[in-house]
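Quick notes on the structure that follows.
Quick note: the coordinates plus some simple rules give every number you see, no bench work behind them. Since the structure is predicted, the reported quantities are computational estimates derived from the model, not experimental observations. No Cβ is skipped: glycine too gets one built from the backbone with ideal geometry, and neighbour counts run over all protein chains shown.
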Amino acid sequence: MPRLRSLSSALFSFGLLLGGPCVAALPTAGATPEPGAGQTPSPNPPSAAVPQGWGSCSQFVSDTSGIPTAQCTTVSVPIDYNNPAGAQAKLAVIRIPATGQRIGSLLVNPGGPGGSAVDMVASMAPDLANSPVRQNFDLVGFDPRGVGHSTPALRCRTDAEFDAYRREPMVDYSPGGVAHIEQLYRQLAQQCVNRMGAGFLANTGTASVARDMDAVRQTLGDEQINYLGYSYGTELGTAYLEKFGNHVRTMVLDGAIDPTVGPVDENVNQMAGFQTAFNDYATDCARSPGCPLGTDPAQFVNRYHALVDPLATKPGRTADPRGLSYADATTGTINALYTPAHWKYLTSGLLGLARGTDAGDLLLLADDYDGRDQHGHYSNDQDAFNAVRCVDAPNPTDQASWVSADQRIRQAAPFLSYGQFTGNAPRDLCALWPVPATSAPHAAPPQAAGKVVVVSTTHDPATPYQAGVNLARQLGGPLITYDGTQHTAVFNGNQCVDTVVVRYLVTGAPPASYHCQA
């Protein structure tokens, strides 16, 4: 899934969600024909002995009991591809061999940017045990440079610094308040330079990660790969197609990012998607007695603001001594809107605010989004996310552009619009980033027709449906539409979507565009 931009700034510091699915309702082996009779598997050879360098996954995965055949290694790549003999990054890679007749490798990326593909593959493999995906493909995940188990790990903040950052409401858009917010952004950017170096930051973008992915392909020994990318993983997929399209057998892009759209317009579109998801949540909540947002649709947004806005000056009560900050409440809300499975926790947290009791479920949702564990330690997901997005596309640096963005986003997502439009707004973190962008928006490669299937969900909050329509059109491939309110659909609970996708992966024959109901 894609992740939002840093939620500490309530209105427009949003980006793209982390997009791993919850695996459920998978097709069984009988749902898709086995390769053979009239089907041609990829020319990749059957699994051979474990190559030199592959070994235990215990250094990456704490519990391997559910994946006893898993193999792991690291792949060294130059931090700067213009200086291949220079400093190297080591990419963590996991491979879980096919259990039956092997077609090839299926590389999976969970999105983010900043999500660990190693962790995702380790967690999803047991749930796919009865699927042709496990039978016919080696499941492979690699953590991009700076991310997850790869080294050096991109980390800008200490745990204490991240906790302090989350306590900042960032809602004062007076001239002095805007200056304070921008100073916080500059401080974060400088922390990244101090801890990682400008040279590393300049080489964290998707263009470099696409080259890393081909290095992983070469390590696997496959002439062609199969790829499943969620959310930001769709951006990585299109970048790989552009450079290495001849090495792709099949590719599924779920929760699409439109590569022609710049960061400001992307923010506006994403916020409109979250407003739609908020409306869906509130409508569902209103069907139950005691909904904290009431039963009048015209008042859902006002009721939400009445509960959350006071947190900008006084934290809400939680059993955790940190309390619930305004930033945590909005972050927790956004996290819950990714999937209806989290709506009950949002309702519980809002009820706690309404009653003046424990709003801890909202804090737990915020911790989950920001990667904070029960011991107070953060993953580096958010730091990696910022570093990648800030070099993947140029951001406007003039104040007027961000004032306009503020106004547009208030209109697109009124549930996140704190106070009134003031005519002032801070520039985004990426507008103040210390290294320049290394990519720019441009259309996906049309020569990919016949290799790529795009999946898009009608009420996807983080990657709105139209982005999938646009990407499928650019690629000249089919679009699988899923009617639902959630972020991403493949292996996320819909039998129709899974059957179409699995058949395509196994046979290599792209389907016609298809519409799946919830």
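Got a sec? Charge dipole of region 366-501, +1 on Cβ for Lys and Arg, -1 for Asp and Glu; which of C390, I480, N492 is way out at the positive end?
I480
With a 10 Å Cβ neighbour count serving as the proxy for reagent exposure, in which order, fewest first, do F244, F137 appear? Don't skip to the answer; put the middle values down first.
On the way: F244 16, F137 29.
Listed from fewest to most nearby Cβ atoms, that is F244, F137.
Rounded to the nearest 5, what is the percent of antiparallel bridges among the DSSP beta bridges in the chain?
Roughly 40 percent of the DSSP beta bridges within the chain come out antiparallel.
At T357 and Q190, where each label point lies 7 Å from the Cα along Cα→Cβ, what is the point-to-point distance in nanometres?
4.6
With contacts defined as alpha carbon pairs under 8 Å and 6 or more residues apart, what's the relative contact order of the chain in percent? Could the numbers behind the result be given before it?
On the way: 1188 pairs, mean separation 110.8, N = 518.
For the chain, the relative contact order is 21 percent.
For region 89-157, give the share of DSSP beta bridges that are antiparallel, in percent and rounded to the nearest 5; count only bridges with both residues there.
55
Which loop-located trypsin sites (Lys or Arg not before Pro) does region 198-305 contain, where loop means any DSSP state but H, G, I, E or B and the Cβ has at most 16 other Cβ atoms within 10 Å? If you can, show how the numbers build up before the last one.
Working: sites: R211, R217, K243, R249, R287, R303; in loops: R287.
Of the trypsin sites (Lys or Arg not before Pro), the ones in loops of region 198-305 whose Cβ has at most 16 other Cβ atoms within 10 Å are R287.
Given points 7 Å out from each Cα along the Cα-Cβ axis, report the A160 to H377 separation in nanometres with one decimal.
Inter-label distance under the simple model: 1.8 nm.
Which order results if C390, C72, C291 are arranged by neighbouring Cβ count within 10 Å, fewest first?
Least to most surrounded, the residues fall as C291, C72, C390.
Using only Cα atoms, tell me the angle between helix 381-392 and the longest principal axis of the chain; keep it within 0 to 90° and round to the nearest 10.
Around 80 degrees separate the two axes.
How do V501, V61 line up, fewest other C-beta atoms within 10 Å first? Please list the in-between numbers first.
Numbers: V501 26, V61 21.
Lowest to highest Cβ neighbour count: V61, V501.
Would you kindly work out the equivalent ellipsoid of region 330-424 from its C-alpha gyration tensor and give its semi-axes, the square roots of five times the eigenvalues, largest first in whole Å?
Numbers: eigenvalues 159, 88, 25 Å².
Computed over region 330-424, the values are 28, 21, 11 Å.
Under 19 Å Cα-Cα from K90, which aspartates and glutamates qualify once same-chain neighbours fewer than 8 residues away are excluded?
Reachable aspartates and glutamates: D80, D119, D143, D212, D214, D381, D383.
Can you tell me the dipole magnitude for the chain around its Cα centre, using point charges on the Cβ only (Lys, Arg +1; Asp, Glu -1), in Debye to the nearest 20?
On the way: 32 positive and 44 negative charges, 53 e Å.
So the dipole magnitude of the chain works out to roughly 260 debye.
List the lysines whose alpha-carbon lies under 29 Å from that of K314, not counting same-chain residues fewer than 8 positions away?
Filter leaves K344.
Once you order the gyration tensor axes a ≥ b ≥ c over the Cα atoms, which shape class does region 411-518 get: rounded for a/c under 1.5, otherwise prolate or oblate by comparing a/b with b/c?
Values: a/c = 2.99, a/b = 1.62, b/c = 1.84.
It comes out oblate by the Cα gyration axes.
Considering only A329, P289, I257, whose Cα is most displaced toward the positive end of the charge dipole of the chain, charges sitting on Cβ of Lys, Arg (+1) and Asp, Glu (-1)?
Of A329, P289, I257, it is I257.
Rounded if a/c is under 1.5, else prolate if a/b is larger than b/c, else oblate: which is region 102-226, with a ≥ b ≥ c the root eigenvalues of its Cα gyration tensor? Mind showing how you got there, number by number?
Numbers: a/c = 3.26, a/b = 2.18, b/c = 1.50.
Because a/c hits 1.5 or more and a/b exceeds b/c, region 102-226 counts as prolate.
Each label point is 7 Å from the Cα along the Cα-to-Cβ direction; what then is the distance between the points at D296 and H515, in nm?
Roughly 3.6 nm, to one decimal.
Can you give the angle from 0 to 90° between the axis of helix 206-220 and the longest principal axis of the chain, with both taken from C-alpha atoms, to the nearest 10?
Helix 206-220 sits at roughly 30 degrees to that axis.
Which is farthest toward the positive dipole end of the chain among I96, G111, V268, measuring Cα position about the Cα centre, with Cβ charges +1 (Lys, Arg) and -1 (Asp, Glu)?
Result: I96.
What list of ³J(HN,Hα) couplings, whole Hz, do you get for region 282-295 from phi and the Karplus terms 6.51, -1.76, 1.60, once you set θ to phi - 60° and write x for glycine and proline?
Rounded to whole hertz, the list is 5, 5, 5, 4, 5, 6, 9, x, x, 4, x, 9, x, 10.
Divide by every residue of the chain the summed helix terms, -39500 (n - 2.57) for each DSSP H run of at least 4, and state the resulting mean residue ellipticity at 222 nm, rounded to the nearest 500 deg cm²/dmol. Provide the component values of the computation, followed by the final result.
On the way: 16 runs with 192 residues, N = 518.
Theoretical 222 nm ellipticity from helices: -11500 deg cm²/dmol.
Before anything else, pin down the relative contact order of region 404-518: Cα pairs under 8 Å, at least 6 apart, normalised by residue count, whole percent. Don't skip to the answer; put the middle values down first.
Details: 145 pairs, mean separation 25.0, N = 115.
Taking the mean separation of contacting Cα pairs over the length of region 404-518, I get 22 percent.
For R167 and D398, what does the FRET efficiency come to when R0 = 35 Å and r is the distance between their Cβ atoms, rounded to the nearest 0.05?
Numbers: r = 29 Å, r/R0 = 0.84.
With a Förster radius of 35 Å, E is 0.75.
Expected output is a single nm value to one decimal: the length gained when fully extending between A449 and T69, i.e. 0.36 nm times separation in residues minus the C-alpha distance. What is it? Could you put the intermediate results ahead of the total?
Details: separation 380, 0.36 × 380 = 136.80 nm, distance 3.51 nm.
Taking A449 through T69 to full extension adds about 133.3 nm, to one decimal.
Near K451, which lysines are there with a Cα under 16 Å away, not counting those fewer than 8 places off in the same chain?
In chain and number order, the partners are K243.
Once phi is turned into θ = phi - 60°, what whole-Hz ³J(HN,Hα) does the Karplus curve with 6.51, -1.76 and 1.60 give for every residue of region 231-236, x standing for Gly and Pro?
Values per residue, Gly and Pro as x: 6, 4, x, 6, 5, 4 Hz.
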